[in-house]
Amino acid sequence: MEWKKLFKKTRRAHSELDERHSHPEVPKGLLKRCNACKAAILTEDVKKDYYTCPKCHNYFRVHAYRRIEMIGDKNNFEEWDRSLPEINPLHFKGYNEKLIYLKNETKLDEAVLTGRIRIEEQEAAVGVCDGRFMMGSMGQVVGEKITRAVERATKEKLPMILFVCSGGARMQEGIVSLMQMAKTAAALKRHSDAGLLYITVLTDPTTGGVTASFAMLGDIILAEPGALIGFAGPRVIEQTIGEKLPKGFQRSEFLLEHGFIDRIVERGEQRQILSQILKLHKYVEKTALNSESFRMAYGLSKVFGNAEETKNAYIKGKQQEKYLSAWERVLLSRRKDRPIGTDYIQGLFTEFIELHGDRYCKEDRAIVGGVASFHGIPITVIAQEKGKTTRENMKRNFGMPSPDGYRKALRLMKQAEKFGRPVICFVDTPGAFCGIAAEMRGQGEAIARNLYEMSALKVPVLSLVIGEGGSGGALGIAVANEVWMMENAVYSVLSPEGFASILWKDSKRASEAAEVMKLTSRDLKKLDVIDQIIPEPEPLTRDGLYPVLCSLRVKIDAFLQKYQMMSGEQLSAHRYLRFRKM
């Protein structure tokens, strides 16, 4: 029987040898396993694709120094405050040894790296959290490094960018860790009061005390796709409430929908987007706007000269125009192919970055807003948006904003005031949305707050009624230094149908009501409700928008030259007197 045992042993050895030849051992570091799809992928491929899985596009966590390489100009990073002395305030057993081990293992001095960086020649202060060091948790040294970086950025008038990855407060440091939340927030308040830009980029995970402090205080908050972002962790919430959380809860996409972040940015886009944001927040001296060198640098004379010729050509052709009744103009303002807010944004501005959310509850897609460039001048742009197709109409709620939309608009206006940017609004709504949810979230309060705050904004505000200007829903973004109207737009206390229903109990008399209401551009110009009428071809369609854009470029240039030279107090006083005389 010994020969049988020997035979089995020999066969097993051959089998193991065959197995090794068919599946050779992989050199260490050559392959990486995706924790989402479980695929084995070449480490080199992962690095080339910004540390994402080529199979399922799952994001791997990025080391701090590698993150600097990905977003910064080559060899332009200056590190700050390396090797601050650690503390162990609770004399927590084993904590000092763990810190020493992690410093050797990660080659970092702590869970955050800070310094000065250049992104496409735009200089900024930067901080990058690294999850390998105690899950990026915030102890005294992390809080100190971030606070010092913010203080230095304030002193040197630099924008601040923070890439956040953290499990929250560091338990081993107890109450001292908790105090870092207040310390970092206080430093950021001083940075903000100095009129400086703060950007956060939230990565997976961003939780606990870090979320409840510096992570969510950005003027602009970006996030990577699918990142876990929240105060309490999902497991803690489920255990507390005894319920299973819905799919996607606390992920970037969830926060975008609920108004807490501005946009989700893929890693491959982050360098370009950050550079664009930094450029749009560069300060432009008011005196430069009227200087010939500034205008020549941005090609204003050439562009506006051609625009003036085009404008004159199409206006000349309108001299024989036929008379249109008020109701006919109402119908023209509601045409499906009439240009909408985003058409004007795309046609008039460059480098537009849309920003989302009211920071309270929701993202309202009936309001589109963000930062753009008007021939080199940073502008905050806000538009009521109806959409072009039925699907888009529904997504945009037919241009009827909810309270969240008005709060988003106000957030962007206050941000514009902080950075000294003019605000241009495009009005096009049948009216504010009336529904249970809107009333529960304070529709009246939201509109009232906009009127209140817009009246005192210390930057130039221009509002242009491009279609329907319905009631308080339109006025909510039209408390401006000047209000202009497209020739066939309408602006009224409510719709003609509503007017006829209330006063005459008959909505079929809408055309008659339109005449009585004095809602056309000519009527409103006579009443001094608006300042300018913008001529338009009849009917105005998206395909025929170009000559109107040419005319508007000339007029917006003149508006900016006039109002940018005023002080903040003069601008708010001018706006007050404009409405005071009505």
Worksheet item: Given a cut-off of under 8 Å on Cα pairs at least six residues apart, what relative contact order in percent is computed for region 400-523?
Response: 25 percent
Worksheet entry | Whole-Hz ³J(HN,Hα) from phi, Karplus 6.51 cos²θ - 1.76 cosθ + 1.60, for region 343-360, glycine and proline x | 5, 5, 4, 5, x, 9, 10, 10, 6, 5, 10, 6, 10, 10, x, 9, 6, 10
Worksheet item: So how do 51, 452 rank on accessible area, 1.4 Å probe, biggest first, that is with the largest at the start?
Response: 452, 51
Worksheet item: What aspartates and glutamates could a cross-link reach from residue 525, if we take a straight Cα to Cα line under 17 Å and drop same-chain neighbours fewer than 8 places away?
Response: 468, 482, 487, 515, 536
Worksheet item: On a 0 to 90 degree scale, rounded to 10, what angle separates helix 95-106 from the longest Cα axis of the chain?
Response: 80 degrees
Practice prompt. Express in Å², to the nearest 10, the accessible area of residue 531 obtained by rolling a 1.4 Å probe over the protein heavy atoms while all chains stay in place.
Written response: 60 Å²
Worksheet item: What is the set of long-range amide H partners of residue 138 at a cut-off below 5 Å, with H atoms built 1.01 Å from backbone N?
Response: 168, 169, 170
Discussion item. Give me the extension gain from residue 323 to residue 579: residue separation times 0.36 nm, minus the current Cα-Cα distance, reported in nm with one decimal.
Written reply: 89.1 nm
Practice prompt. Tell me which residues come under 5 Å, amide H to amide H, from residue 469 once H is placed; ignore anything under 5 positions away on its chain.
Written response: 429, 490, 491, 492
Worksheet item: Taking Cα pairs under 8 Å and at least six residues apart, what relative contact order does the chain come out at, in percent?
Response: 9 percent
Discussion item. Tell me which of 339, 265, 225 sits at the most positive position along the dipole axis of the chain, charges placed on C-beta atoms (Lys, Arg +1; Asp, Glu -1).
Written reply: 225
Worksheet entry | In sequence order, calculated HN-Hα J values of region 391-396 (Karplus, 6.51, -1.76, 1.60; Hz; x Gly/Pro) | 4, 5, 3, 5, 4, 8
Practice prompt. Of the listed pairs 157/458; 55/244; 48/74; 336/395; 279/418; 189/282, which have alpha-carbon separations greater than 23 Å here?
Written response: 55/244
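For the chain, what is the accessible area per residue in Å² when the probe is 1.4 Å?
On the way: 27950 Å² over 582 residues.
Solvent-accessible surface per residue comes out at 48 Å².
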Discussion item. Compute the helix-to-body angle for 300-316: its Cα long axis versus the longest principal axis of the chain, expressed 0 to 90° and rounded to tens.
Written reply: 40 degrees
Worksheet item: When the helix-only estimate is applied to the chain (DSSP H runs of n ≥ 4, each -39,500 (n - 2.57), divided by the residue count), what is the mean residue ellipticity at 222 nm, nearest 500 deg cm²/dmol?
Response: -13000 deg cm²/dmol
Response to the item:
Partner aspartates and glutamates whose C-alpha sits under 16 Å from that of residue 408, ignoring same-chain residues fewer than 8 away, are 219, 257, 262, 354, 358, 363, 364, 385, 417, 445, 453
Practice prompt. Tell me the label-point distance for the pair residue 391, residue 120, using the 7 Å Cα-to-Cβ offset, in nm and rounded to one decimal.
Written response: 3.0 nm
Worksheet item: Which one of 115, 62, 194 is farthest out on the positive end of the charge dipole of the chain, using unit charges on Cβ (Lys, Arg +1; Asp, Glu -1) and the Cα centre as origin?
Response: 62
Discussion item. So if I place +1 on the C-beta of Lys and Arg and -1 on the C-beta of Asp and Glu, and nothing else carries charge, what would the dipole magnitude of the chain be about its Cα centre? I want it in debye, nearest 20.
Written reply: 980 debye
Discussion item. Using a Förster radius of 51 Å, what is the FRET efficiency between residue 511 and residue 103 based on their Cβ-Cβ separation? Nearest 0.05, please.
Written reply: 0.05
Worksheet item: Excluding ligands and nucleic acids, what accessible area in Å² is computed for residue 178 using a 1.4 Å probe, to the nearest 10?
Response: 80 Å²
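Subtracting the Cα-Cα distance from 0.36 nm times the residue separation, let me have the gained length for residue 538 to residue 55 in nm, one decimal. Let's see the in-between values first.
On the way: separation 483, 0.36 × 483 = 173.88 nm, distance 5.26 nm.
Value of the extension gain: 168.6 nm.
Roughly to the nearest percent, how much of the accessible area of the chain is carbon and sulfur, given a 1.4 Å probe? The partial results should precede the final answer.
Numbers: 15420 of 27950 Å².
Of all accessible area on the chain, carbon and sulfur atoms account for 55 percent.
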Discussion item. Could you derive backbone 3J(HN,Hα) for region 194-199 from the dihedral phi with the Karplus parameters 6.51, -1.76 and 1.60 (θ = phi - 60°), listing whole Hz in sequence and x where the residue is Gly or Pro?
Written reply: 7, x, 9, 7, 10, 10
Worksheet item: Which value, in debye to the nearest 20, gives the size of the charge dipole of region 507-575 about its Cα centre, when Lys and Arg are +1 and Asp and Glu are -1 at the Cβ?
Response: 100 debye
Discussion item. If I take every Cα pair under 8 Å that is 6 or more residues apart in region 134-207, average their sequence separation and divide by the length, what percent do I get for the relative contact order?
Written reply: 46 percent
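Subtracting the Cα-Cα distance from 0.36 nm times the residue separation, let me have the gained length for residue 189 to residue 75 in nm, one decimal.
Extending this stretch completely gives an extra 37.9 nm.
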Practice prompt. Using the Cα centre as the reference, give the magnitude of the dipole from point charges on the C-beta atoms of region 386-477 (Lys, Arg: +1; Asp, Glu: -1; all else neutral), rounded to the nearest 20 debye.
Written response: 380 debye
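Cβ under 15 Å from residue 190's Cβ, residue 190 left aside: what net charge do those residues give with Lys, Arg +1 and Asp, Glu -1? Let's see the in-between values first.
Numbers: positive: 148, 152, 155, 157, 183, 189, 418; negative: 151, 156, 193, 219.
Net local charge, residue 190 excluded: +3.
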Worksheet item: Cα axis of helix 140-155 to longest principal axis of the chain: angle in degrees, 0 to 90, nearest 10?
Response: 40 degrees
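The values are calculated or read from the model by the stated rules, or taken from the named source; none is laboratory data. Note that the coordinates shown come from a computational prediction; the quantities given were computed from them, not determined experimentally. Reconstructed Cβ throughout: ideal geometry from the backbone, glycine too, with neighbour counts over all protein chains shown. Remember, those area values only see protein heavy atoms, side chains included, never the ligands or the DNA or RNA. Shrake-Rupley method; radii C 1.70, N 1.55, O 1.52, S 1.80 Å.
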